[in-house]
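S.K.: Please find one structure pasted underneath; my questions will follow.
The values are calculated or read from the model by the stated rules, or taken from the named source; none is laboratory data. Just so it is clear, the structure is predicted and the values come from calculations on it, not from any experiment. Calculation scope for accessible area: heavy atoms of the full protein, side chains included, ligands and nucleic acids excluded. Shrake-Rupley method; radii C 1.70, N 1.55, O 1.52, S 1.80 Å.
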Amino acid sequence: MKKIFFSEVCDGITNGFYLELYNNKEAVLTGNAEIIELEDTVLKIKNRENIISISGENLKIINYSSTGLRIGGTISFIEFK
């Protein structure tokens with residue numbers, strides 16, 4: 001399983017929000033976040049100052065807690081705003 005870490009590259013953008021991407025089938029986000037949009041093709045998450053948009057197919061929340069969340073589905077695009 002290929003594991004991609006975005007925290008070092010995007011730490012200035014994400015304010016310490018940590019993202020791990022496993023192939024394109026699962027993403028683990030660590031940090032306090034609020035889900036602002038959830039559909040089977042898009043998931044938008046807001047942390048302190050930014051919005052992270054995840055696009056794909058059959059997206060679903062596998063686990064959600066005060067320390068982060070795990071997303072499943074086919075992930076095709078991640079955008080940091």
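S.K.: Quick one: how many Å² of Phe77 are accessible to a 1.4 Å probe, rounded to 10?
M.R.: My reading of the accessible area for Phe77 is about 110 Å².
S.K.: Convert each backbone phi in region 74-81 into a coupling constant with the Karplus relation 6.51 cos²θ - 1.76 cosθ + 1.60 (shift: θ = phi - 60°), then list the ³J(HN,Hα) values in order as whole Hz, x for Gly and Pro.
M.R.: Per residue, the Karplus-derived 3J(HN,Hα) values read 9, 8, 10, 7, 10, 10, 10, 10 Hz.
S.K.: Now a separate question. Just need log10 I(q)/I(0) for region 30-72 at q = 0.17, 0.27, 0.28 Å⁻¹, Debye formula, equal scatterers on the alpha-carbon atoms, no solvent, rounded to two decimals.
M.R.: -0.40, -0.98, -1.04
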